[in-house]
1. Scan segment 145-189 for residues that are within 30 Å of K5 (Cα to Cα) and away from the ligand (no atom under 13 Å from the Cβ) and jot them down.
2. Could you list all residues from segment 30-83 that are on the phi > 0 side of the Ramachandran plot and either open to solvent by less than 80 Å² (accessible area, probe 1.4 Å) or in contact with a Cys (Cβ under 6 Å, 6 or more places away or on another chain) (or both)?
3. Considering (1) away from the ligand (no atom under 15 Å from the Cβ); (2) in contact (Cβ under 8 Å) with a residue 60 or more places away in the chain; (3) open to solvent by 50 Å² or more (accessible area, probe 1.4 Å), say which one V141 fails and leave the rest.
4. Please enumerate the residues belonging to segment 179-211 that are farther than 17 Å from A147 by Cβ and open to solvent by 50 Å² or more (accessible area, probe 1.4 Å).
5. Can you tell me how many residues within segment 85-137 are within 30 Å of I215 (Cα to Cα), part of a loop (DSSP other than H, G, I, E, B) and either within 13 Å of the ligand (Cβ to nearest atom) or not charged (D, E, K, R) (or both)?
Amino acid sequence: MSELKVVAVDGPAGAGKSTISKLVAGRLGYTYIDTGAMYRAVALKVLESKLPLEDEEIMIAARDVDIDLRNEDGVNKTYLDGRDVSTEIRTLEVSRSVSKVAAVGFVRERLTELQRSMAKRGGVIMDGRDIGTVVLPDADVKIFLTASVAERARRRYDELKAKGLDVELGSIERDIAARDKLDSEREIAPLKQADDAILIDSTSMTIEEVADKMIELINRG
Ligand code: CDP
């Protein structure tokens, strides 16, 4: 058995981070940590509080939030204050508010601390926006996974359609572009490729091809 590594995967919305990270983690027997789900859970808490989506109110709503990621029979679950919110955090409403919530320093500090403690034991693949740059700067392997906006929007469209949702491609593309902009231009921990990260552009690659490439990099790293 090779030594257990810490793997950081960053990139914009819809690049395939969670699909690939989950697949690769399963093949290597690693734990997959979805940091986006953690930010989504905080956003859900803020929305449920009915407070306005402003920095001060976000801080109040997020002050004593309790977030937990659990693997139940091979399925990843997200818990917010002891409640399973794995489905609720995927709504369009949460997707549209999450980047605003994730830009608040207080929220990032709390979640970053939690994420670092989750990665301590190694054998971990963590995906997000700032994993290689801020959360785990000493990760053994860093990957920056991207794809064109049009391709990312098409993938997200297919995913939502498959869930039976009535969505429109143009509107998804606009939402993704807006989120990319907020995530890349925010002051704290913006989305950017770490200097020592390896870039994978998945625009014309299959899931299998990206997974194989990632496993090769992990074995080598
Ligand atoms: O799955 P998708 O790519 O749509 O997004 P996600 O990974 O679930 O992340 C949702 C949002 O959380 C992102 O658009 C960021 O605003 C925020 N996020 C972040 O700021 N830092 C992270 N490490 C992970 C997510």
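The values are calculated or read from the model by the stated rules, or taken from the named source; none is laboratory data. None of the values given here were measured: they were computed from a predicted structure. Quick reminder, even Gly has a Cβ in these numbers, built from the backbone with ideal geometry, and neighbours come from all protein chains shown. The area values use the complete protein model at the heavy-atom level, side chains included, leaving out ligands, DNA and RNA. Shrake-Rupley method; radii C 1.70, N 1.55, O 1.52, S 1.80 Å.
1. Selection gives S148 alone.
2. Those that are on the phi > 0 side of the Ramachandran plot and either open to solvent by less than 80 Å² (accessible area, probe 1.4 Å) or in contact with a Cys (Cβ under 6 Å, 6 or more places away or on another chain) (or both): G74, D81, G82.
3. (3)
4. Scanning segment 179-211 gives L182, E185, E187, I188, D195, D196.
5. Summing the residues that are within 30 Å of I215 (Cα to Cα), part of a loop (DSSP other than H, G, I, E, B) and either within 13 Å of the ligand (Cβ to nearest atom) or not charged (D, E, K, R) (or both) in segment 85-137 gives 8.
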